[in-house]
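None of the figures in this text is laboratory data; all of them are computed from the coordinates on show. It should be emphasised that the depicted structure is a prediction, and the values quoted were computed from it without experimental measurement. Note that we place each Cβ from the backbone using ideal geometry, even for glycine, and neighbour counts take in every protein chain shown.
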Amino acid sequence: MFRGDKTSGEMVNYKIDIDKGMVVLDVIHKIQAEQAGDLAVRWNCKAGKCGSCSVEINGKPKLSCMTRMNEYSDDETIYVRPIKTFPTIKDLVTDVSWNYDQNKKITPFSPHLKNKDKNGNYRMMQEDVDRVQEFRKCIECYLCQNVCHVLRDHDRKDRFIGPRFLIRLASLDMHPLDSVDRVPSVKDSFGSGMCNITRCCTDVCPEHIQLTDNGIIPLKERVVDRYYDPIKLLFRKLFRRNKPLRGA
Amino acid sequence: MLDISNLQTIEHDIIVVGAGGAGIRAAIECSMRGLSTGLVCKSLLGKAHTVMAEGGVAAALGNVDSRDHWKVHFRDTMRGGKFFNNWRMAELHAKHAPDRVRELEEWGAVFDRTDQGLISQRNFGGHRYPRLAHVGDRTGLEIIRTLQDKGVHQGFEIYMECACLDLIKSDGRISGMVGMWRESGSFVVFKAKAIILATGGGGKCWKITSNSWEYTGDGYGMAYEAGAELIDMEFTQFHPTGMVWPPSVRGTLVTEGVRGEGGILINNEGRRFMFENIPERFVAETADTQEEAARWLAGDRDARRPPELLTRDVVARAIRKEVKAGRGSPHGGAFLDIATQRSSQDIVRKLPSMYHQFKVLAELDITTETMEVGPTLHYFMGGVRVDADTQMTRVAGLFACGECAGGVHGANRLGGNSLSDLLVFGKLAGEGAFEYVQSEKKPTALDSEQVITIIKTATNILNRETGENPYLLHESLQEVMQSDVGIVRTESLLNQGINKLSGLWNKYKTVKAAGASQFNPGWHEALALRNMLITSEAVARAALMREESRGAHTRVDFPDEQDEWLKYNVVIKKNKDGTMGLKKSPHSQPGLELKRIANLTIEEMESEIKMERSKL
């Protein structure tokens, strides 16, 4: 287990007896209670629904509450480290505040009020929201942000918003009631062009969201359609049919 | 001597403590009304226990069954709460819930749809009609994310991973509170004209619970210390279906949605034992044969509801009875079976996170196998006593909402009424606090002595040479509450529990956290212990005082509801000498109209609503 803070640290070895059915987070808690009271770890629901307990186990980004000990053999040493892409605060806890800053940059949902009926209801068909609901399953564990090489290896947090927020943008873009055009911001502020579709984000998603195929690629296509399709560009120049751009 | 002028100080009109659904909704309301608002939470934003709410949010939208009406929702809530609810709160709750749900949709929530494209609604325990707006079985996540995304653009400040230690009063009114940044361990003073507590419940006092580490009764502890009253603390809800195996996930919630979608409970003889456990009050509205229950599931509107969908208190006690009689599952629960009732596709689509949860944590496929489930401490019906309309406590400037506040659910909460509670009363608390701040023009002055005492109490835990291990002390507390203040109570057990608690109070005086102040979970645990001890003692003493069985409070030595006890709430307040004071306080009396509605038979109710609508 990594013990340390932003300036220094080391891997510390703990030996512990485990009971049937334990997950890695249980083991961390047991070490906390019996051997290292000040061991820092984030967790909440312990059922894979809140996305707080993200760590790297034997180099693989995972939710520690949903990783069973019996995935590893009896004589195996298990290495638990904080997620690498964000600065370590202490032990397994990292500073993920950058993600909250990114979310704030996204223009909020704004429905067409004319779609509301006299009883205050909006109508949307299930098949039109299936895809949006897929993206809204996201528990914000930031494992996708952690493995995205644009953020992890190239540290381009200044130009790229990361897969988590690209699918949030996609969920807004595909929302049947929304009225905001976010395509310019997807291209310019959020750096959709920097993703080169290696699908690492999709591989680690504990909610099995198809980030790349269902979210990021369609979003990139929207940008291409708008800015790089010569026929459409000409069409728009001639007929000026493009709707006024609202929002960032 | 500590100099408080060096302390970080943050000033707002209003501070909201807790960022679950109720807290964020309250902060949005305050901010929309132009108040400078700060939201303080122990975890990261969006991680509060609201995410664990699975089944849905109850609101009489009438999208699936047009017979629904706020009056029916109100009647169901009162009957579920054994007529012990605060009548006015139950009325406000049922009336406002539909607007709060529609408002969420306008803020970006995407609920499952009906064939007509409206918000879909599902059946749930105790609700007469399909009433729970939902998103698969992750409704809580949808709600918290919607509020979170709305909130970050609303203009209030968010202070994450900051634990609140205690409130500060000046001239009998709230003037601020002291917090501690979990990351650095340094202290911060919040100055405010009003504080809204939205800290949730105190499930972590028990060993088997569906609650996360945050649910340590902080709101109860802080309000009690500040001189506010706690009400109905004896009513703690044991959710009938928590996981029982493997041991490490014992208590983790299995949504009532499983039964709402047709899941049945059976014992080890293969019998659907809920048919033998239908209370008199519900006989007329519950199916008495498997054949009728099956027709109901197939959509027959004339069939009555299966007994598995009786209220949680009834189902939890029935499961316990089966286990006690030796008819339980191998690991001490009952079998919950959805596999034989619905197709695999339906199960995976309607209950995706249950499917996933059992697959990963129990290596069990719920589309082909039965689950093992048993009662788990889930929710506090009681809490801080508030005014029904303004949500203000008996301390000027102190408000409470959501699970932290008591009253709306009476002796037992219906599933789905928690998410609607936190939306309705989160908003009302924001309104109440706004009105209060408008009328309160005097600037707030902070009493530095109170600040110093709070900080010293906290740092003593770190500075002691030796002392009790906070983790082990917490474990002992959980053992006491599990064994002595559990689902079935007696005078002798409760007395025994109260004695043990006083022993733990003594140990708590010397609790010692090892290590430094930076992100130190041992220290945080020790700080929360005071609130857990207050909460536990309040539950145990209130349970001892209430000599009857009503809803979630079961006394074997007083087995039935007593009319005399319907007249009183148990109210708790800290005495001047520091001991815990309990009194019987007259229960809120309903207006004649509300009383009439609650006591209508369902046929009378339906024809009345039909008449009303035909006139429109």
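Charged side chains reduced to their Cβ positions (Lys and Arg at +1, Asp and Glu at -1) give the protein assembly as shown a dipole of some 1940 debye around its Cα centre.
Stretched out straight at 0.36 nm per residue, the stretch from residue B:560 to residue B:272 would grow longer than its current Cα-Cα span by 101.2 nm.
Each Lys and Arg contributes +1 and each Asp and Glu -1, all at the Cβ; summed about the Cα centre of chain B, the dipole is approximately 620 debye. Restricting segment B:296-356 to trypsin sites (Lys or Arg not before Pro) that sit in a DSSP loop and have at most 14 other Cβ atoms within 10 Å of their own Cβ leaves B:301.
Within the shell of other residues whose beta carbon sits under 11 angstrom from the beta carbon of residue A:204, the net charge comes to 0, with Lys and Arg scored +1 and Asp and Glu -1. Ellipsoid semi-axes for chain A, based on the Cα gyration tensor and the rule √(5λ), read 41, 20, 15 Å when sorted largest first.
Among A:208, A:149, A:112, the largest mean-square fluctuation in a Gaussian network model of chain A, built with springs joining Cα atoms closer than 10 Å, belongs to A:112. Considering the options B:210, B:172, B:154, tell which one lies farthest towards the positive end of the dipole of segment B:149-213, charges being +1 on Lys and Arg and -1 on Asp and Glu at the Cβ, about the Cα centre. It is B:172, whose Cα lies furthest towards the positive end.
Once you treat every alpha carbon in segment A:61-139 as an equal point and sum by Debye, what is log10 I(q)/I(0) at q = 0.19 Å⁻¹? Normalising to I(0) and taking log10 leaves -1.04. Please give the residues of segment B:90-109, grouped as numeric ranges, whose backbone N is less than 20 Å from a label point set 7 Å along the Cα-to-Cβ vector of residue B:613. Taking a point 7 Å out along Cα→Cβ of residue B:613, the residues of segment B:90-109 whose backbone N falls under 20 Å are B:94-102. Suppose the Debye formula is applied to equal point scatterers at every Cα of segment B:332-387; what is log10 I(q)/I(0) at q = 0.15, 0.30, 0.31 Å⁻¹? The computed values of log10 I(q)/I(0) come out as -0.53, -1.24, -1.26. Placing one identical point scatterer on every Cα of segment B:49-113 and ignoring solvent, what is log10 I(q)/I(0) from the Debye formula at q = 0.14 Å⁻¹? Per q value, in the given order, log10 I(q)/I(0) is -0.47.
Computed over the alpha-carbon atoms, segment A:130-224 gives an Rg to Rh ratio of 0.93, Rh here being the Kirkwood radius from the mean inverse distance.
For segment B:449-586, the calculated P(r), taken from all Cα-Cα distances in 10 Å bins from zero up to the bin holding the longest distance, is 11, 35, 30, 17, 7, 0 percent. GNM on chain A, alpha-carbon springs under 10 angstrom: the most fluctuating residue among A:59, A:191, A:162 is A:59.
With a/c under 1.5 counting as rounded, go ahead and sort segment B:239-376 into rounded, prolate or oblate using the C-alpha gyration tensor (a ≥ b ≥ c being the square roots of the eigenvalues; past the cut-off, prolate if a/b is larger than b/c, else oblate). Note, shape of segment B:239-376 comes out oblate.
Of the chymotrypsin sites (Phe, Trp or Tyr not before Pro) found in segment B:145-202, none is in coil by DSSP with at most 15 other Cβ atoms within 10 Å of its Cβ. Working value for segment A:2-94: equivalent-ellipsoid semi-axes of 19, 16, 13 Å, each the square root of 5 times a Cα gyration tensor eigenvalue, largest first. Site pair residue B:359 and residue A:117 shows an inter-label distance of 3.6 nm when each label is modelled 7 Å from Cα along Cα→Cβ. If you split all Cα-Cα distances of chain B into 10 Å bins from zero, what percentages do you get per bin, shortest first? Each 10 Å bin holds this share of Cα pairs: 3, 17, 29, 28, 16, 6, 1, 0. In terms of overall dimensions, the protein assembly as shown has a Cα radius of gyration and Dmax of 26.4, 87 angstrom.
Using the empirical formula 2.2 N^0.38 Å as the baseline, the Cα radius of gyration of segment B:133-188 reaches a ratio of 1.62. Distance between the 7 Å Cα→Cβ label points at residue A:235 and residue A:179: 2.5 nm. Any of A:6/A:62; B:507/B:583; A:20/A:62 with alpha carbons more than 23 Å apart? Name them for me. Going by Cα-Cα distance, B:507/B:583 fall outside the 23 Å limit.
A cysteine counts as unpartnered when no other cysteine's C-beta lies under 4.7 Å of its own; in chain A this applies to A:53, A:65, A:138, A:141, A:148, A:195, A:200, A:205. On the basis of the beta-carbon distance and an R0 of 22 Å, residue B:583 and residue B:390 show a calculated FRET efficiency of 0.45.
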